[in-house]
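Following: one structure in C-alpha cells, then a few remarks.
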Amino acid sequence: MQPEHRILRAWLTSASGGIIELDTDWTADLLPLLAPGEKAFRLESLAPADPALYAEEAAYFVDAAGRVVFVLDPADHAGVDFERTAVYVGGDFNGWQEAIGRPEWQLKQGELLGRACWLLAVAADHLLRDPALRFKFVTADARWLALPPDSTNRVQDDQGRANLALLAHRTGRNLFAFTTREPIDPSRTYSVIHLRDGQQSPKIRLRLGKFFHALHSNLPLGALVKKDETIFRLFAPRARTVRVATSEELDPPGGPHVFELEKCLEAGGWRGVWEVRVDRNLDGWFYWYSVSGPQNVFGNFHPNERILDPYALAAAGRGGPGIVLDAARVGKAARGFRTPPWQDLVIAEAHVRDLVAHAPLELTAEERLGFAGLTKWVESPDFYLKKLGVNAVELQPIQEHDNTKRDEYQWGYMTTNWFAPASAYATAPERATQVEEFRELVAAFHRQGMAVILDVVYNHAGEPAHLMFIDKLYYFELGDDGALANWSGCGNDLRCRSAMTKRLIIDSLVHLLETYGVDGFRFDLAELIGAGVLAEIEVALKKTKPDVILIAEPWSFRGHIADVLRPTGFASWNDGYRNFLREYVHGAGAAEKLEYFLKGSPWHFAFWPAQTVNYTESHDDRTWLDQITENGGHNGFRPTLNDVRRTHLMAAVLFASVGIPMISAGQDFLRSKHGVNNTYLRGDLNALDYRRLRRFSGTHRYFAEWIAFRRSPAGRHLRQWSRPGEGFFRAFIGPALAALALVYNADDSEGGQKLLFAINPTGEDTEVAIAPEVADLDWRLVADHDRFYAPGEAPAGRVERQLFVPALGCALWSCGE
C-alpha cells in the first residue's frame, strides 16, 4: 500500500534547501528522501515551514489563528500607486466588485517574511469550503489586478477569466522546509519520495526554484573575436557538457573542428557560463553548439542537436549555423536621424516582402525577397509611403525566424534568434550580407524622413526553439509536470523574468539600436513579458537612446495590461478603439464613447495622450475593409460605395483622434485579403497591389490629406503631448445619440485657433444642436467626407446652430487661424 498522504510539489529555495508541499498539514511520520538517479539519501533536516511562504504563489495562507490572510505583493504590480490607491479583495464570498469601498475587504500595508506587503486577515470558517471559492484583487477604480506569475491555484471560468481559488487542503500549513547534507548538483535529476511503513509514494521531481532563475552573469556572451583569438561563451546552467563546432564552410568535407567548453569561474563562483578560447581569428566562420544535461520533464537536452547561439550576430538559416562576426567589422549605425516626438508620429505597419513584392520598379526576383530590394523602393521618388506622408514605419519581425526555405513567406513571429537580421531577407545569407543590407534599409527610411520601429517577439520562441535545448527549465514557463505554458498560442512561453532571459532581451534590443540605428520597438503579446520586465527594458534602453519609441501589444490569451502600463513610458495598441470604430461606422456606437476615443482614451487607458496607439487594422485577422464590407463572405475586394464612405469616416476619426495614429500599409487604397482571416503564410494575399492606388485614388488622397493636415501647424491641437484642461474639448451630441460634434481648444487655452469636427455614422441625415457662441464663430470648412479644401475652394455654407451632418458624413472646420 502507498502512504496515506501524497506529495504535491517539491522545489529548491537554495542549493542545499527547499520546500515540500504535502496534501495535508504536518504529520510526525513524514520521512521523505531525495533520490539523485539511483542513489537515495535522507534529508539533513525536515520541519514545518512558515505558512506565509505559500502566499508567494497563492496570494493567501492560513495563519496560526486559523484566519485566511490575503497577501498582495506590490512588486508584482508596478503600475499601481499603492500609497494613493486603495486595494480590495473581491470574490464569490462578497459580490466581487461590490467589495470596492467596503472597509472590511480593504487590504492594509504590512510586512511579511521581511518584505512590505498589503494584507487582510479574515476568519476562515466561511471561506474554505468545497467547491472552492474564487477571489482576485481590485483597485478602488475597479481595475482587477494580474495574478501572481507562479500561481498554482489559478482557475479559469467558461469566459476565459482567470481567478485564484481558496483551497481547503492548501493553506501553507502543509509546507515543510528541508535541508540537504551537500549542495544539489543542478545537472542531475532528483525526486522526493514519501515513505511510511516501508511503502513509498510516487516520485515527485524536485524542481529548481527562484534562486535558480536569479542566476546571472555579466560576462560578454556569444562568439567574441579578438586579434588572434576567438572566445565562445554560452550560458547553460544545468549542462553536463557543452561543445562548439566550427567550420570555414557550411558543409566541410572533413567535418567541423569541435572544442569542449569549460565552466567559467567568476567572482563568487560559477554562474552558469561555459567558455573556450580558440587561438585563431574565426571572423566569417560558421559555428553551432551542442549541450548535454539531465533527461527529465524539465530538460530537453539532446547532445546531437545543433544549437544556434542565442547571441549569434548573424545566422545562415533558422537552425543556424551562427556566423562569427568581428564586432569591429560589424560597426555601429550613424546617429544623424532625429526620431520624431511621439505625439507627431503617424505610423504605417508593413511587412518587408509585402512592400517590395509588387513595387513598380525594376528589381530582380532575388531583390524582391528582402532588404536590398526594399531599400531601392524606399529610395525611389515614387515610394508609396513617402507619398502617403507617414513619418514612421513599423516593420513586422525582421529578426531570424523559422523560414525552412529562403523564398518561403511568413510574417516572422516565430523568432529563432533575436540579434541576427533574417537570413531569408538577405542576398547572400551565408556571407552575412543581411547585416549591412538591413542597416542600409534603416538608413534609407531615415533619409526619407521616416522612423523605423521593429515588431519584436519575446513572448515565445520559434522553431527550432534553440533555447529549449540549452535549458528548458531556465528559459521557459513550465508547470510542475514540465508542461510548457502556452498563453501565446504558439506552443511555448518564454520565462522573461529569469535573469538571463531578461538580459538576453535587453542585450539584443540594445544591439538593434546601436548596430542598425532603429528608432523603437513594438512588443508582441507584451502581457507575457510582464509589466515588471517591460519597466526594466524601458530603463535600460533609454540609457542607450533616451527618445526610443516603446509600444506594447498589451494583451495575450492570459490577460490585458494596458492599465498597468499607464505609469510607464510605453504606449499601447488600443484594441478597444479598433473594435469600437468597426461598429461605430455602422451606426452602432454611442457618441459618448467616440468622444472618449477622440480625446485620446484619457486616464483609464492612457495617462498621457501619446500613450494610445489608435488603429483599426493590423496584420492580424481581416483587413479593415473586409471586416466592415457590405459584401458577403467578408470579401471587400470590390467595395461598395458605402464601404468606401465608411472607410473615409474611419480615416477622419483616426486622424482627428488624440494619440498616435497607425494604419496598415495598403489600408489607404482599400486593401482586401478576399475575406481570409489568417494570412500568416499567404504572401500572395498580403503583398500590396499598387494598382489599387489608381483604382481608389480618391481614398488614398483622402488619407494623405488628413495625414498632411494632422502633421501641419494647423493640426497641432490633434497632437497633444500633455493632457489639456477640462475645458479644452466641448462636445455636442445629436438626437440619435450617435452623431457628434467636438470642439478642440474650446477654452482658448492653446491660442486662438479652434477646430470643430462633426460626424454622423447613421444612414439618415441629422442635425446636431450647437451652442450659439460656438456656431457664430467665423468657421472655415477644411474637409468633409470626400476631400480637403484649400482656402476659397469650400462649398458655400456656414456652421448653423442646428448643424447639418449628412448620412455617413463628416466635416472639419477651423477658425482663428
## Note on the structure
Among 554, 492, 539, the residue whose Cα sits farthest towards the positive end of the charge dipole of region 456-599 (+1 at Cβ of Lys and Arg, -1 at Cβ of Asp and Glu, taken about the Cα centre) is 539
#### Entry: Degrees, to the nearest 10: 697-711 long Cα axis against longest axis of the chain
80 degrees
### Message
About the Cα centre, and with charges only on the beta carbon of Lys, Arg (+1) and Asp, Glu (-1), how big is the dipole of region 181-304? Nearest 20 debye, please.
### Response
840 debye
### Contact order relative to length of the chain, as percent, for alpha carbon pairs under 8 angstrom and 6 or more apart
9 percent
## Note on the structure
So the pair-distance distribution of region 755-796, from every Cα-Cα distance in 5 Å bins, comes to percents of 5, 17, 23, 26, 21, 8
### Message
Report the gain in length on full extension from residue 777 to residue 800: 0.36 nm times residue separation, minus Cα-Cα distance, nm rounded to one decimal.
### Response
7.3 nm
### Task
Return the subset of 108/472; 502/593; 593/673; 405/502 for which the Cα-Cα distance in this structure is over 32 Å, preserving the input order.
108/472; 502/593
### Message
If you fit an axis through the alpha-carbon atoms of helix 641-656 and take the longest principal axis of the Cα set of the chain, what angle between them do you get, 0 to 90°, nearest 10?
### Response
70 degrees
### Query
Dipole of region 133-230 (Lys/Arg Cβ +1, Asp/Glu Cβ -1, origin at the Cα centre): which of 209, 159, 220 lies farthest to the positive side?
159
#### Entry: Accessible area of residue 180 in the full protein assembly, 1.4 Å probe (Å², nearest 10)
10 Å²
### Message
Per 0.36 nm of contour for each residue apart, how much would the distance between residue 638 and residue 682 grow if the chain were fully extended, relative to their Cα-Cα spacing?
### Response
13.9 nm
### Isotropic mean projected area of the C-alpha convex hull, region 678-803 (nm²)
11.5 nm²
### Summary
Dividing the surface of the Cα convex hull of region 565-677 by four yields a projected area in nm² of 6.7 nm²
### Query
In the neighborhood of residue 148, defined by Cβ-to-Cβ distances under 10 Å, what is the net charge if each Lys or Arg adds +1 and each Asp or Glu adds -1?
-4
### Query
What does the charge count near residue 796 come to, summing +1 for each Lys or Arg and -1 for each Asp or Glu among other residues with Cβ under 15 Å from its Cβ?
-2
### Task
Please say if region 654-735 is rounded, prolate or oblate, where rounded means a/c under 1.5 for a ≥ b ≥ c the square roots of the C-alpha gyration tensor eigenvalues, and otherwise the choice is prolate for a/b larger than b/c and oblate otherwise?
prolate
### Query
Among all the lysines, which ones have a C-alpha under 22 Å from residue 227's C-alpha, if same-chain residues fewer than 8 places away are not counted?
332
#### Entry: Computed magnitude of the charge dipole of the chain (debye, nearest 20; Cβ of K, R +1, Cβ of D, E -1)
680 debye
### Task
Quick one: accessible surface of residue 382, probe radius 1.4 Å, all protein chains present, in square angstrom to the nearest 10.
80 Å²
### Karplus (6.51, -1.76, 1.60) ³J(HN,Hα), θ = phi - 60°, over region 415-425, in Hz, Gly and Pro reported as x
6, 10, 7, 9, 9, 8, x, 4, 5, 5, 9
### Task
Check cross-link reach from residue 754 to the aspartates and glutamates: straight Cα distance under 12 Å, and skip same-chain residues fewer than eight apart.
778, 817
#### Entry: Net lengthening on full extension, residue 690/residue 327 (0.36 nm per residue, minus Cα-Cα)
126.7 nm
### Förster radius 45 Å - calculated FRET efficiency between residue 250 and residue 45 (Cβ-Cβ, nearest 0.05)
0.20
### Query
Considering amide H positions built from the backbone, and no H for Pro or chain starts, which residues 5 or more places from residue 117, or on another chain, come under 5 Å of its amide H?
110, 111, 112
### Message
Give me the tail of P(r) for the chain as a percent: Cα-Cα pairs with distance above 37 Å.
### Response
51 percent
### Message
Can you list residues from other chains, or at least 5 along the same chain, whose modelled amide H is less than 5 Å from the amide H of residue 476?
### Response
495
### Local electrostatic count at residue 209 - Lys and Arg +1, Asp and Glu -1, tallied over other residues with Cβ under 11 Å
0
### Query
Excluding ligands, DNA and RNA, what is the solvent-accessible area per residue of region 740-817 at a probe of 1.4 Å, expressed in Å²?
43 Å²
### Query
Which value, in Å² rounded to 10, gives the accessible area of residue 332 with a 1.4 Å probe and all protein chains present?
140 Å²
#### Entry: Calculated [θ] (222 nm, deg cm²/dmol) that DSSP helices of n ≥ 4 give over the chain, each run adding -39,500 (n - 2.57)
-5000 deg cm²/dmol
### Task
Pop out the Kirkwood hydrodynamic radius of region 143-196 from its pairwise C-alpha distances, inverse of mean 1/r, in Å to one decimal.
15.3 Å
#### Entry: At q = 0.14 Å⁻¹, base-10 log of I(q)/I(0) for region 60-149 (Debye sum, equal scatterers on each alpha carbon)
-0.47
### Message
Are there any GluC sites (Glu not before Pro) in region 283-386 that are in a DSSP loop and have at most 10 other Cβ atoms within 10 Å? List them by number.
### Response
362
### Task
Hey, can you grab everything whose amide H is under 5 Å from the amide H of residue 636? Only 5+ residues off in sequence or another chain; H modelled, so Pro and N-termini drop out.
626, 673, 674, 675
### Task
Send over a whole-number figure in Å² for the accessible area per residue of region 200-352, probe 1.4 Å.
45 Å²
### Message
Given all pairs of different Cα atoms, what value in angstroms does the Kirkwood hydrodynamic radius of region 220-360 take?
### Response
17.8 Å
### Task
Could you go through region 736-752 in sequence order and give the Karplus-derived ³J(HN,Hα) for each residue, using 6.51 cos²θ - 1.76 cosθ + 1.60 with θ = phi - 60°, rounded to whole Hz, and x for Gly and Pro?
8, 6, 10, 6, 9, 10, 10, 9, 9, 6, 4, 9, 6, 6, 10, x, x
### Task
Measure off, as a whole percent, the carbon and sulfur share of the 1.4 Å-probe accessible area of region 704-757, all protein chains present.
55 percent
### Query
What list of whole percents do you get for P(r) of region 198-251, with Cα-Cα distances grouped in 5 Å bins up to the one holding the largest distance?
4, 11, 15, 17, 14, 11, 9, 7, 6, 3, 2, 2, 1
## Note on the structure
Carbon and sulfur atoms account, in whole percent of the 1.4 Å probe accessible area of region 466-606, for 54 percent
### Query
Once phi is turned into ³J(HN,Hα) by the Karplus curve 6.51 cos²θ - 1.76 cosθ + 1.60 with θ = phi - 60°, what whole-Hz value does each residue of region 428-437 show in order, with x for glycine and proline?
9, x, 5, 9, 6, 5, 4, 5, 6, 5
### Task
With the full set of protein chains in place, find how many percent of the accessible area of region 121-261 is carbon and sulfur; take the probe as 1.4 Å.
48 percent
### Query
Between region 481-552 and region 757-783, what is the C-alpha centre distance in whole Å?
46 Å
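The values are calculated or read from the model by the stated rules, or taken from the named source; none is laboratory data. Note that the coordinates shown come from a computational prediction; the quantities given were computed from them, not determined experimentally. Every residue, glycine among them, receives a Cβ derived from its backbone with ideal geometry; neighbour counts consider all protein chains shown. Calculation scope for accessible area: heavy atoms of the full protein, side chains included, ligands and nucleic acids excluded. Shrake-Rupley method; radii C 1.70, N 1.55, O 1.52, S 1.80 Å.
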